[in-house]
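One structure below.
Every number in this text was worked out from the coordinates using simple rules, so none of it is lab data. Treat the numbers as computed from the prediction; the structure is a model and nothing was measured. Every residue, glycine as well, gets a Cβ built from its backbone with ideal geometry; the counts of neighbours run over all protein chains shown.
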Amino acid sequence: MASLSPEVLKAIHDAVGEETHQAIHDAFGDVTHQGTGRALLDEHFTGMSTDEIAKAAYNLADDKAAGQSLDIFFLLICGYMVFLMQLGFAMLCAGLVRHKNANNIMLKNVLDAAVGSLCWYVLGYGFAYGTSDHRSNPFIGNHDFALTHTTQVNWAISHPEDDPGVDAGGYAGYFFQWAFAATAATIVSGAVAERCTFVGYLSYSIFMASWVYPVVVHACWSDIGWLSPWVGDGVKVENNDGGEGNVAAAWEDGAAILNTGAYDFAGSGVVHMTGGIAALVGAVMLGPRLGRFRDGKVSDTMSGSSTVLVVLGTLILWFGWYGFNPGSQLAISSKADAAIVARCAVTTTLSAGAGGVTALLFRFWRSGCFEVVYTCNGVLAGLVGVTAGCSLLEPWAAIICGVFAALTMYGFETALLMLQIDDPVGAFPVHGGAGMYALIFNGFFVKHDYVEEVYGYPPSSRRYGWFYGGHGQVMLSEIVELLFIVFWVGTNMFLLFGLLKITGKLRVS
């Protein structure tokens, strides 16, 4: 097909007007230069009159707007589902603590959402995703506090002439990420239940949403984060076979960590391990509940108040995870996006089911009885375990993931009891332990085709799991993320809880 001549291109511009010309530019690239934009114009517009071109351009603009609207709707719905997980956590925790403490832990779960919404607005979102061309850095964001820039971006969605010219997620992106921040914060409530003061927990909630969690998010998920596989604009990097590939995850001025970045698609490390490590530090600093241990052994099991609440909470959390994992694709309007979203839903389901069945049978083997609470924790461990790789695993691998996530949860739970660390709801074994395991699992089982589809790395780069013949960069990147979260969250939480303990504001008398 012959290329469109400069005269025809000028005629397009003159015929359709500036607004429609911009729509063609947005859909196909710069129409005034040779390259991809010209080739796509050739394919769509050769042989058409200028009136026909104008009509086609308007249709393209409408299609693009419809796709954007669908993506925003999808992101909001998934955000609503993730927020519903707050109800699941509240019911789960209320069911696992003694009846006299149910009201207190319910208040703390509400507090995470309420206080977190304000802290994420004022500071958290800016530290996590705020970037500007002249002062951004890979460690922490320093722009868009109180949504000053996102407000402009959201206005530009319906008023393109006022586009500020810098990408941002708009209000939908902010809301979706706030729901994640609330989830990370509320994980700790169960681990410190029945003995943490209201002032101490309020201080923790503010600190987590404003500072600790946003730094982890920026490192792993922002466009310029030092652990992020999303960074850069597709500059050339050298593949293992000596060639070059257009890789979406390479920095303009260098490479992400190990030229790969950490694969943590929906946040086994970023969200769950962050909350789990904070829960562990809180439980250690608070000490066990009175009467929980004696002579180095469990003296009182301190059983929860309601198995019904535990089961209902678990099922609500499972439902919310379908917003958590598939929603992390952030879009659904294209066929590729839809395929990834559907794969996330399938792997999430299989890992949760495998985790629950494994916990049920393993507990029966150990104790001779079927335990519903242990089964529920197995389901949750399977969900946490697959969250990092839900878009990168095959279905059979998701089943394996769930099986060993449940066993990992049991191992960490046993270790806590041996060390006389009191975690009433198993927050660290389920979220911290299974979150660590999830990152390591990715190093073995992420599939090459899915890595290319999600992150842009070509198969020749070998940036996929060892099971498929990939090299060690993926595993090493996952380990770096794991160590970073342990150090960053552990250090900050130790300082906070230590200060509260010294001032007598941590534990109830």
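Full extension of the segment from F370 to I77, taken as 0.36 nm per residue of separation minus the current Cα-Cα distance, would add 101.9 nm.
Across region 462-468, coupling constants 3J(HN,Hα) worked out from phi with the 6.51/-1.76/1.60 Karplus curve, θ = phi - 60°, read 6, 8, 8, x, 4, 4, 8 Hz, and Gly and Pro carry x. Which of rounded, prolate or oblate describes region 428-489 when judged by the alpha-carbon gyration tensor and an a/c cut-off of 1.5? It is prolate, given that a/c is not under 1.5 and a/b is the larger ratio. A full extension of the chain between L499 and L361 corresponds to an added length of 45.4 nm, given 0.36 nm per residue minus the alpha carbon distance. What does a probe at V298 reach in region 371-412, counting residues whose amide N is under 15 Å from the point 7 Å along Cα→Cβ? Only 371-378, 409-412 fall inside the zone, counting backbone N under 15 Å. Per-residue extension of 0.36 nm, minus the Cα-Cα distance of L483 and A156, leaves a gain of 113.7 nm for this segment. A viscosity of 0.890 mPa s and a temperature of 25 °C, combined with the Kirkwood radius over Cα pairs in Stokes-Einstein, give a translational diffusion coefficient for region 368-509 of 146 µm²/s. Debye-formula intensities of region 339-449, expressed as log10 I(q)/I(0) at q = 0.16 Å⁻¹, are -0.64 (one equal scatterer per alpha-carbon, no solvent).
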